[in-house]
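Input: a single structure, listed below in structure tokens.
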Amino acid sequence: MTQTTSTPHVVREFAGSEDGILLVIHAGAGNRGKHDSPERRAQAEQDLRRALEAGYTLLEQGAPAQDAVCAAIRVMEDAPEFNAGRGAALTSTGLAQMDACLMTDDGEVGAVAGVTTARNPIDAARAVKEQTKHVLFAVPDTAQLESWGVATCEPDYFITPDRQRSLAEAQADGDEWEKHGTIGAVARDAEGHIAAATSTGGITNQLPGRVGDTPLPGCGTYANGESAAVSCTGIGEAFIKATAARQVADRINYGGGRKPGPAAGPPAEGAAAALDDVAAHHGEGGMIVIPAHGRGVLAFNSEMMNRGWRSPDGESVQS
């Protein structure tokens, strides 16, 4: 059963047991927005459950953590309710410009920024990790993506009527930031290895070329076998300034909570402290954390966060 506690401005939830397979996902944090409805929440919950099923099935079969997080991410990238892949937020010029990152607990990482034709941006990030000696590719074109074996499509595939409406409203009424679903997944496999993946379309009406925290290792995505796997969602600029994902891992290793101390801090305290730092940079959002040993953590300092987890102990989905 999920246990929930709160600290000032931060909600923390716990998932799974100390060890064993575990998958935790998020699909955006912020305010509910003026277009929120029971139908939209129900659809989001359905897609969260499908993502958990896709990733957790692989963990049950003994697959590595990176396979599980990528499987969960692909389901959410294909779901237009979330701000990644099909249904990504649109830039000020009306195009979808997407970022993604995959990192494993051995420190290996691949990321892409500004992709416009990768059907599943997380596949492009994995290709960078596995097929190149580099970490981050900016604006890889269709030919580059196809040379890696990444499925591509026309840019119009990603544009939905809901995102066009959001862009029109942002340009008419000003840029009020609204939750609509940067996605992420963290997992621990049967061998005890952990991995993190994040994918996003950025912020509605962002300037072309803007890059948020998602593809930056240590900011929106991070994994280290000595500490934790972390995926973040929220106002990317604040997460970058806070180096939020790496900060959680460092706090776990070196004293974790809001106050310095000699003992390694628990992941929940590390997450809360990192989100306090995000708030100090005028940001809000959330993160999911799976430590190398310990229970998973879901934390946010915003009105809500789409989230879910599954382990042998049970599962939970909330939107």
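The values are calculated or read from the model by the stated rules, or taken from the named source; none is laboratory data. Please read all numbers here as calculations on a predicted model, not as lab measurements. Cβ: placed from backbone, ideal geometry, glycine included. Neighbour counts: every protein chain shown. With ligands, DNA and RNA removed, areas are computed over all heavy atoms of the protein, side chains included. Shrake-Rupley method; radii C 1.70, N 1.55, O 1.52, S 1.80 Å.
Brief remarks follow.
- Length released on extending from Asp19 to Asn253, taking residue separation times 0.36 nm less the Cα-Cα span: 82.5 nm
- Point-charge dipole on Cβ atoms (K/R +1, D/E -1) for the range 130-218, about Cα centre, debye to 20: 200
- Local electrostatic count, Thr243, Cβ distance below 10 Å [Lys/Arg +1, Asp/Glu -1]: -1
- Of the residues Pro161, Ala172, His26, the one whose Cα sits farthest towards the positive end of the charge dipole of the chain is Ala172 (charges of +1 on Lys and Arg Cβ, -1 on Asp and Glu Cβ, taken about the Cα centre).
- Value at 222 nm in deg cm²/dmol, rounded to 500, when DSSP H runs of n ≥ 4 in the chain each add -39,500 (n - 2.57): -9500 deg cm²/dmol
- Over the range 1-152, the hull volume per residue, using the convex hull of the C-alpha atoms, is 161 Å³.
- Solvent-accessible area, 1.4 Å probe, carbon plus sulfur percent, for the chain: 50
- The range 103-143 and the range 22-73: distance between their alpha carbon centers, rounded to Å: 21
- Among residues other than Ala72 with Cβ under 15 Å from its Cβ, the summed charge is -4 (Lys and Arg +1, Asp and Glu -1).
- Selection from Ala113, Val69, Thr142, by position along the positive dipole direction of the range 47-145 (Cβ): Thr142
- FRET efficiency, 1/(1 + (r/R0)^6) with R0 22 Å, evaluated for Arg50 and Glu108 via beta carbons: 0.20
- In the chain, taking the dipole from charged Cβ atoms about the Cα centre, the farthest positive-side position among Phe82, Asn224, Gly234 is held by Gly234.
- Net charge dipole size for the range 181-299 [Lys, Arg +1 and Asp, Glu -1 on Cβ; Debye, nearest 20]: 100
- Length added when fully stretched, Gln61-Ser147, from 0.36 nm per residue minus Cα-Cα: 28.0 nm
- Calculated Rg and Dmax of the Cα atoms in Å (choose from (1) 17.6, 53; (2) 20.5, 63; (3) 19.6, 65), label: (1)
- Charged side chains reduced to their Cβ positions (Lys and Arg at +1, Asp and Glu at -1) give the chain a dipole of some 360 debye around its Cα centre.
- All other residues whose Cβ lies under 12 angstrom from that of Glu226 are scored, Lys and Arg at +1 and Asp and Glu at -1, for a net of -3.
- With the whole protein complex present, Lys34 retains an accessible surface near 140 Å², based on a 1.4 Å probe.
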